[in-house]
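Everything on this sheet refers to the single structure shown next.
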Amino acid sequence: MENSDKKIILAAEKIIHAKHLVAFTGAGISVESGIPPFRGAEGLWSKYDPQVLDLGYFHQYPLASWNVIKEIFYDFFGTARPNAAHDALAELEKMGLLKCVITQNIDNLHQAAGNTVVHEFHGNSHKLVCTKCKRHFELAEINLEVLPPKCVHCNSLIKPDFIFFGEGIPMQAYQASHVAAEKADVFIIIGSTGEVSPANQIPIHAKNTRATIIEVNPENSRYTHFITDIHLKGKAGEMMTKLMEQIDQKLKAKKG
Ligand code: NAD
Ligand code: ZN
């Protein structure tokens with residue numbers, strides 16, 4: 001048996017016996033849905049200037065910022081669909097095994113796949129907020145054909161409700177993520193470099209409170225030789241499909 005197969009079997013066993021399984025996802029889980037990460041040769045910042053997500057620049061040049069934000073986060077991300085890895089996490093929740101997803105992503109793909117408990121560490125592009133009166137809007141309520149979008153109540157600038165550079169983490173997601181990491185006895189990290197702070201502390205918190213750490217990533221991350229117990233080295237969709245097959249087999253064997 002290949003070493004990678006042994007790791008899948010071991011990870012499946014840990015998940016089946018978990019009392020509190022938690023998932024933590026980064027940009028890598030959405031790569032097979034066609035959304036590139038920010039960094040690296042193929043990353044979004046090799047094509048676009050990250051200053052459009054700088055709060056000061058956004059307020060000074062709202063139209064220039066919004067033109068780029070719309071192109072990346074709405075025209076391009078907007079057509080993306082969940083892949084096998086998102087589907088696997090939704091299935092694990094339905095099976096009663098997965099308690100929640102903590103995500104750094106803003107693409108709404110966990111909810112689109114069917115997960116109902118998602119702590120969004122960096123917000124969500126499908127929600128928007130007025131920069132003045134702080135009213136919230138769903139994406140469907142806002143006309144992005146006329147930029148920059150303005151609030152129907154106070155006519156002020158509307159901003160996507162994900163965090164820009166220099167903004168704080170939404171308090172509720174921050175606290176809920178820490179509580180979830182503390183409760184976790186098995187914690188699965190999918191597609192994260194571990195370089196983005198303070199989100200990168202969440203898996204470390206889980207490890208410190210004695211969770212077994214499973215990591216899915218085709219590359220090594222900052223976690224791999226530091227806190228990871230079982231590294232499933234491969235793409236999220238492929239590895240999660242194999243893992244789900246193994247979990248199904250084991251559960252059937254247990255029943256029959
Ligand atoms: P990152 O961009 O720093 O790293 C992505 C990680 O995914 C890398 O470790 C890479 O090896 C791995 N990866 C690449 N292809 C993969 C695949 N097919 N399967 C599994 N893993 C794969 O991502 P990050 O650590 O999440 O940090 C970047 C920040 O940018 C995040 O905080 C996030 O908010 C944001 N972001 C979000 C999206 C999105 O919403 N989909 C996209 C880009 C960036
Ligand atoms: Zn307003």
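We did not get these values from a lab; they are worked out from the coordinates using the rules stated. Computed from a predicted model, the values in this text were never measured in an experiment. For neighbour counting, all protein chains shown are included, and Cβ atoms are generated from backbone atoms with ideal geometry for every residue, glycine included.
Could you give the dipole magnitude of region 33-145 about its Cα centre, charging the beta-carbon of Lys and Arg +1 and that of Asp and Glu -1, in debye to the nearest 20? Numbers along the way, then the final one.
Values: 10 positive and 13 negative charges, 62 e Å.
In debye, rounded to 20, region 33-145 gives about 300.
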Quiz item: aspartates and glutamates near residue 127 by alpha-carbon distance under 13 Å, same-chain residues fewer than 8 away left out - which ones?
Solution: 107, 138, 141, 161
Self-check item: Summed residue charge, Cβ within 14 Å of residue 108's Cβ, Lys/Arg positive, Asp/Glu negative
Solution: -2
Quiz item: Quick one: 185, 107, 248, fewest Cβ neighbours within 10 Å first, how do they rank?
Solution: 248, 185, 107
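Going by C-beta contacts inside 10 Å, put 65, 156 in order with the fewest on the left.
On the way: 65 23, 156 14.
Least crowded to most crowded, the residues run 156, 65.
Students often get this wrong, so check it: of 183/255; 99/183; 99/233, which have C-alpha atoms separated by over 21 Å? Don't skip to the answer; put the middle values down first.
Values: 183/255 28 Å; 99/183 10 Å; 99/233 24 Å.
Among 183/255; 99/183; 99/233, the Cα-Cα distance tops 21 Å for 183/255; 99/233.
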Quiz item: List the aspartates and glutamates whose alpha-carbon lies under 15 Å from that of residue 14, not counting same-chain residues fewer than 8 positions away?
Solution: 5, 185, 215, 229, 245, 248
Quiz prompt | Stokes-Einstein D for region 36-143, Kirkwood Rh over Cα pairs, 4 °C, 1.567 mPa s (µm²/s) | solution = 83
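Which of rounded, prolate, oblate describes region 171-219, given a ≥ b ≥ c as roots of the alpha-carbon gyration tensor eigenvalues and a/c under 1.5 marking rounded, otherwise prolate only if a/b is larger than b/c?
Numbers: a/c = 2.11, a/b = 1.21, b/c = 1.75.
Cα axes put region 171-219 in the oblate bin.
What relative contact order, as a whole-number percentage, does the chain give when Cα pairs under 8 Å and 6 or more residues apart are counted? Mind showing how you got there, number by number?
Values: 442 pairs, mean separation 63.9, N = 256.
Result for the chain is 25 percent.
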Quiz prompt | Simple spin-label estimate for residue 13 and residue 165 in nanometres, 7 Å along Cα-Cβ | solution = 4.7
Practice problem: Working from Cα positions, state the angle (0 to 90°, nearest 10) between the long axis of helix 3-16 and the longest principal axis of the chain. | Solution: 80
Quiz prompt | Spacing of the two label points (7 Å from each Cα toward its C-beta) at residue 153 and residue 224, in nm | solution = 4.8
Quiz item: How much FRET efficiency would the formula 1/(1 + (r/R0)^6) give for residue 54 and residue 95, where r is the Cβ-Cβ distance and R0 is 35 Å, rounded to 0.05?
Solution: 0.25
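Can you tell me how much longer the chain between residue 139 and residue 185 gets when fully stretched, taken as 0.36 nm per residue apart minus their C-alpha distance, in nm with one decimal?
Numbers: separation 46, 0.36 × 46 = 16.56 nm, distance 3.60 nm.
Extending this stretch completely gives an extra 13.0 nm.
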Quiz item: So what is the relative contact order of region 16-153, in percent, for Cα pairs below 8 Å that sit 6 or more residues apart?
Solution: 25
Quiz item: Can you pull out the trypsin sites (Lys or Arg not before Pro) in region 157-256 that DSSP calls coil and that have at most 16 other Cβ atoms within 10 Å?
Solution: 210, 222, 233
